[in-house]
Amino acid sequence: MTERFSFALNAVDGKARTGVISTPRGEIRTPAFMPVGTAATVKAMLPESVAATGADILLGNTYHLMLRPTAERIDRLGGLHKFMNWDKPILTDSGGFQVMSLAELRKLTEEGVSFRSHIDGSKHMLSPERSMEIQKLLGSDIVMCFDECPALPATEDRVAESMRLSMRWAQRSRDAFGDRPGRALFGIQQGGVTEHLRGESAEALKAIEFDGYAVGGLAVGEGQEAMFGVLDYAPDMLPADKPRYLMGVGKPDDIVGAVKRGIDMMDCVLPSRSGRTGQAFTRHGVVNIKNARHSDDPRPLDEACTCPACRSYSRAYLHHVFRAQEMISGMLLTWHNLHYFQEIMQGMRDAISGQRFAAWETDFHAQRAKGDIEPL
């Protein structure tokens, strides 16, 4: 087991990359999908069940955990890993995105963001220094620098102003993070969908020097075509010898398209959120288990899938428990979705290693284009 954070590329096929991030808590195979454990839990899943899907790392949320149960309480109880019974690596986001999207009566200044909690209206201040302090208390393995993420569309002047503020905050985050062997700090590239602003941001981050680099400010309303347009150039602006993380993405075809363009890490709430609302992602596309067509169907969601939902339960049963509002519905569908997302990641890792990513991608899209199996 390594005592430091490092990243090694094993193979490159086109722009797609596969490698290993090494941390004191274990290895992260890339490209990697990180299930989101917002409030110290991946909803509807036990930690050991999440690990069984193939996940090497989880994401925790600074904003939600600082409000409840508080980072100080988690620290007193032994840190986030012990608190939530997850012994593999954890990445925590900085809280900036949630402050902008969820908090009420927020006020943005050079110092940071003051806001009222969406839970009880209590007043809080989040700055680069406070974000670093919270993430240290949580004990996360990969820490994200504090940034501002404006919603798109926005004017170029607004995006530029926000990006430059985020770069000043990135330097303060680096200064506050200090020297923490075995832990990593990632910088976040901003700049919206404007190439020269992305370039300016990348140069500022490289000058500061981080252990990894995220492409931020996407999946915030710009659409897949615009996102891919940015990813055609943005990852190339970042160091090739460090991990590249696309924040908040996404759907299966978003993930494949991002890896094709040089991204190594992703996270999204979609697999668990969709599972709780009756949607299953399969190699045939999205299956809506609420539909009456499934009520008498004895077949599995996906006969090629080895997850517990597909191995042991029929579409008819999954339809029934969802309609009956039984908790097992969200549990089984979430497990299936997370399993499928990790299956995609393993498929891409194998394809890149074998220099056959283009063929794998063609087959991936062709299977999904066929649509779901015909009703009985």
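Quick note: the coordinates plus some simple rules give every number you see, no bench work behind them. Everything numeric in this text was worked out from a predicted model, so none of it was measured. All Cβ positions, glycine included, derive from the backbone under ideal geometry; neighbour counts span all protein chains shown.
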- Under 21 Å Cα-Cα from Lys43, which lysines qualify once same-chain neighbours fewer than 8 residues away are excluded? Lys82, Lys88, Lys251, Lys290
- Item | Set of the range 124-139 residues, backbone N closer than 18 Å to the point 7 Å along the Cα-Cβ line of Arg76 | 134-139
- Please give the calculated 222 nm ellipticity per residue for the chain, where each DSSP H segment of at least 4 residues contributes -39500 (n - 2.57) and the sum is spread over every residue; nearest 500 deg cm²/dmol? -12000 deg cm²/dmol
- Listed by chain and number, the aspartates and glutamates with an alpha carbon less than 15 angstrom from that of Lys107, same-chain partners under 8 positions apart left out, are Asp147, Glu148
- Item | Backbone HN-Hα couplings from phi across the range 358-366 [Karplus 6.51/-1.76/1.60, Hz, Gly and Pro as x] | 4, 5, 4, 4, 4, 5, 4, 5, 5
- Message: Give me the extension gain from Ser101 to Lys370: residue separation times 0.36 nm, minus the current Cα-Cα distance, reported in nm with one decimal.
- Response: 93.2 nm
- Message: What does the C-alpha gyration tensor say about the overall shape of the range 86-190? Classify as rounded when a/c is under 1.5, otherwise prolate if a/b is larger than b/c, or oblate.
- Response: oblate
- Please compute the net charge surrounding Thr277, taking Lys and Arg as +1 and Asp and Glu as -1 over other residues with Cβ under 12 Å from its Cβ. +4
- Using a basic spin-label model with each label point 7 Å from the Cα along Cα→Cβ, how many nm lie between Ser295 and Ala240? 5.8
